[in-house]
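The values are calculated or read from the model by the stated rules, or taken from the named source; none is laboratory data. Computed from a prediction, not measured in an experiment: that's the story for all the values here. Here the Cβ positions follow ideal geometry from the backbone for every residue, glycine too, while neighbour counts run over all protein chains shown. Side chains included, ligands, DNA and RNA excluded: accessible areas come from the protein's heavy atoms. Shrake-Rupley method; radii C 1.70, N 1.55, O 1.52, S 1.80 Å.
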Amino acid sequence: MSHNSFGHLFRVTTWGESHGVALGAVVDGMPPGVGVSREYIQTFLDQRKPGTSRHVTQRREPDSVEILSGVFDGLSTGTPIALEIRNEDARSKDYSEIASRFRPGHADYAYMAKYGIRDYRGGGRQSARETAARVAAGALARLTLAHILGPQITIRGALIQMGPHLIDRGRFDWDEVSRNPFFCPDADKAAFFDSYLDDVRKSGSSVGAVIEVVASGIPAGLGAPLYGKLDSDLAAALMSINAVKGVEIGAGFDAALLEGAANADEMRRGDYGEPVFTSNHAGGITGGISTGQEIVARFAVKPTSSILTPRATIDVNGQDTEIITKGRHDPCVGIRAVPVGEAMMALVLADHLLRHRGQVGPAPYWQPGQPWPGNSM
């Protein structure tokens, strides 16, 4: 099976299955001389790992990462960095009843129709467990961004909606995200989610969520028209996350509600001749190229398909039947998607940063205050 790699100059290949011996990633293209530690990578894996609260799957995985290659004396060598995460709490017997039946909402049928074989234990390669490898690779992407651009680069994600319930933007607090198990920036809404999700879980069902990811400190100039757009690559990366069914950049679909005068982000001269934008409906990207504003993306995660409610399906012989998905599952898989979304943002930005430097060098082609190219001709 191909299509397990993404990125161009900062390239990542993930490997492994939900109930296999291990899973991991190979990161190729990380510049040499970047400080790398297992402990740094682990901080992000600890945010994503299961069993951290009663609101997520109770599968007990330490998600402890090992660096197998590409790092010497704490520095990247410029060679491929292999990362491994062992599976330690797989319970494959939970899935024996679905070996011959397709779970509605899962990729079971589509996968079987394409390949003629599938690992039904926890979804195999289809499982969201694969995202642990992305988070580990995303930590290396963050280190690359900081190494080249400086420590001012931040990439932060937050859960801004669960089911039909949206946060209050007036109470948005990034510091609050780390204080509750929902990565929610609104303390009042986080308290509501605590009881709301308990009720959803007890009913044997699940709910979806919307995640917002914001990158700050990214300079203007990343991305390229027409087929190397930063926003199109970012949308593809976020859409590749398990259970994601929608992505928007900046104002996204709400841009269709605005008139042109309201939607266009006006500019004024800053203290040093730099543009100061009066709004950010574009989400920090215009024409596929970063503007230097915050890069803002959101993605919608569908309700977890593995639920205790009986669902109609067919078996591998084409016969009608019913299925109840047993096992340990997230009542809202969107919660643990927050660090995954951050990782995908970091991976795309690192790749585009290296691509930009490879094409035009480390400095922007033009900056405000400089003569406009061609003026002297």
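Which of rounded, prolate, oblate describes the stretch 1-136, given a ≥ b ≥ c as roots of the alpha-carbon gyration tensor eigenvalues and a/c under 1.5 marking rounded, otherwise prolate only if a/b is larger than b/c?
Working: a/c = 2.76, a/b = 1.60, b/c = 1.73.
Oblate, because a/c is 1.5 or more while a/b does not exceed b/c.
Please return the longest range in the chain lying between exposed loop sites, taking trypsin sites (Lys or Arg not before Pro), DSSP loop only, at most 13 other beta-carbon atoms within 10 Å, and leaving the sites out. Working shown, then result.
Values: sites that count: 54, 60, 91.
No qualifying site falls inside 92-377, the longest such stretch.
Any idea what diffusion coefficient the stretch 144-195 gets from Stokes-Einstein, in µm²/s, Kirkwood Rh on alpha carbon pairs, 25 °C, 0.890 mPa s? Please report the intermediate quantities before stating the final value.
Working: Rh = 12.1 Å.
The Stokes-Einstein estimate is 202 µm²/s.
Under a plain spin-label model, where a point goes 7 Å from the Cα along Cα-to-Cβ, how far apart in nm are residue 37 and residue 319?
Roughly 5.9 nm, to one decimal.
Lysine pairs in the chain with Cα distance under 28 Å, only those 8 or more apart or on different chains: how many are there?
Close lysine pairs found across the chain: 24.
How would the stretch 250-335 be classified by its alpha-carbon gyration tensor: rounded, prolate or oblate, with rounded meaning a/c under 1.5 and the a/b versus b/c comparison settling the rest? Walk me through the numbers on the way to the answer.
Details: a/c = 4.48, a/b = 3.29, b/c = 1.36.
Prolate is the answer for the stretch 250-335, as a/c is 1.5 or above and a/b outweighs b/c.
By how many nm would the segment from residue 117 to residue 357 lengthen if fully extended, with 0.36 nm per residue of separation less the alpha-carbon distance?
Details: separation 240, 0.36 × 240 = 86.40 nm, distance 4.28 nm.
The residue 117-residue 357 span can extend by a further 82.1 nm.
What is the percent carbon and sulfur in the accessible area of the stretch 204-297, measuring with a 1.4 Å probe over the protein chains and ignoring ligands? Could the numbers behind the result be given before it?
Working: 2610 of 4610 Å².
In the stretch 204-297, the share of accessible area belonging to carbon and sulfur is 57 percent.
Using 7 Å Cα-to-Cβ label points, what is the residue 166/residue 188 separation (nm, one decimal)?
About 1.5 nm, to one decimal.
Using a probe radius of 1.4 Å on heavy atoms only, what accessible surface per residue do you get for the chain? Whole Å² is fine.
Working: 18040 Å² over 377 residues.
Result: 48 Å² of accessible area for each residue.
Assuming R0 = 51 Å, what is the FRET efficiency of residue 256 and residue 86, from their Cβ-Cβ distance, to the nearest 0.05? Write down the numbers at each step before the final one.
Details: r = 47 Å, r/R0 = 0.92.
That gives a FRET efficiency of 0.65.
Quick one: with all protein chains in place, what share of the accessible area of the stretch 74-145 is carbon or sulfur, to the nearest percent (1.4 Å probe)?
Numbers: 1540 of 2940 Å².
That fraction is 52 percent.
Using Cα centres only, tell me the gap between the stretch 245-279 and the stretch 102-170 in whole Å.
28 Å
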